[in-house]
1. Could you work out, residue by residue across B:57-65, how many beta carbons of other chains sit within 10 Å of that residue's beta carbon, and then give the average as an integer?
2. If Lys and Arg each add +1 and Asp and Glu each add -1, what is the summed charge of the other residues whose beta carbon sits under 10 Å from the beta carbon of A:THR20?
3. When Rg is the radius of gyration of the Cα atoms in the range A:31-103 and Rh is its Kirkwood radius, what does Rg/Rh come to?
4. How much area per residue is accessible in the protein assembly as shown when the probe is 1.4 Å and only protein heavy atoms are counted (Å²)?
5. Mind jotting down the three principal axis lengths of the range B:1-43 based on Cα atoms? Whole angstrom, largest first.
6. Output, in nm with one decimal and in ascending order, the distances from the A:LYS27 label point to the matching label points of the other copies (7 Å from Cα along Cα-to-Cβ).
7. Once the label point is placed 7 Å from Cα along Cβ, list for A:GLN87 the distances to the corresponding points in the other copies, in nm, shortest first.
8. Kirkwood Rh over alpha-carbon pairs of the range A:64-113, then Stokes-Einstein at 10 °C and 1.306 mPa s: what D in µm² s⁻¹, rounded to an integer?
There are 2 protein chains.
Amino acid sequence: MMTVIRPGTSLLTLVNVFQTTPENQQKLLDVLTIATEEAMSRQPGFVSANLHRSRDGLRVVNYAQWESAEAFEAMRNNPICRVHMEQAERLARPDVHLYDVVSTSYPPATATS
Amino acid sequence: MMTVIRPGTSLLTLVNVFQTTPENQQKLLDVLTIATEEAMSRQPGFVSANLHRSRDGLRVVNYAQWESAEAFEAMRNNPICRVHMEQAERLARPDVHLYDVVSTSYPPATATS
């Protein structure tokens, strides 16, 4: 399996940007990894979660895909998922929004296109 | 071509989160689309740019991939790219950081895995 970014699908993209510190970044990643493996990935409609670490230590980004906003909202209301989310939010301030992919761009006229 | 998120590669991921308003969101997307097509995608080391629109109108995310931090920094110092970036930054506040992909997760034990 792999995560593909593509415009024009019905997938919901969730981007959650956590403001953290170099001291807390790894701890936050550990908490989000466990949350994803044990709770979010087992919910109906989950497609993928992709954790990113900023090189300056100040951000963690979760780029996640769900089949629909309804599936995502059902996860948010699941008590087990809630416990995991609250644990992450005690470590770092989240900024979560729901997105659609507008466009993808690549280098013009590459040899392989 | 397609954009794939994968841990353990040497790619640099840039996530730029713009704070915008429902009134300015489309204008910002237009400016970023032109900037990507006319300037960024023509720079050495550019791999992909993927524009996202938040459903609440408050964010635009550019999820971009570069071959290296050096290639990204060279683009930032290119005067033509600078003009495009400044145009976007007059419309919305950016929050740009450089990332590595830590992990990708999928639903456990799916029929197709």
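1. The mean count of partner-chain Cβ atoms within 10 Å per residue comes to 4.
2. +3
3. Value, to two decimals: 0.95.
4. For the protein assembly as shown, the solvent-accessible area averages 49 Å² per residue.
5. So the three principal-axis extents are 39, 22, 16 Å.
6. When each copy's label point is compared with this one, the spacings are 4.3 nm.
7. Label point to label point, same position, other copies: 4.7 nm.
8. Here the translational diffusion coefficient equals 112 µm²/s.
The values are calculated or read from the model by the stated rules, or taken from the named source; none is laboratory data. Just so it is clear, the structure is predicted and the values come from calculations on it, not from any experiment. Neighbour counts run over all protein chains shown; Cβ positions are idealised from the backbone, glycine included. Heads up: the accessible areas ignore ligands, DNA and RNA and are worked out on the full protein's heavy atoms, side chains in. Shrake-Rupley method; radii C 1.70, N 1.55, O 1.52, S 1.80 Å.
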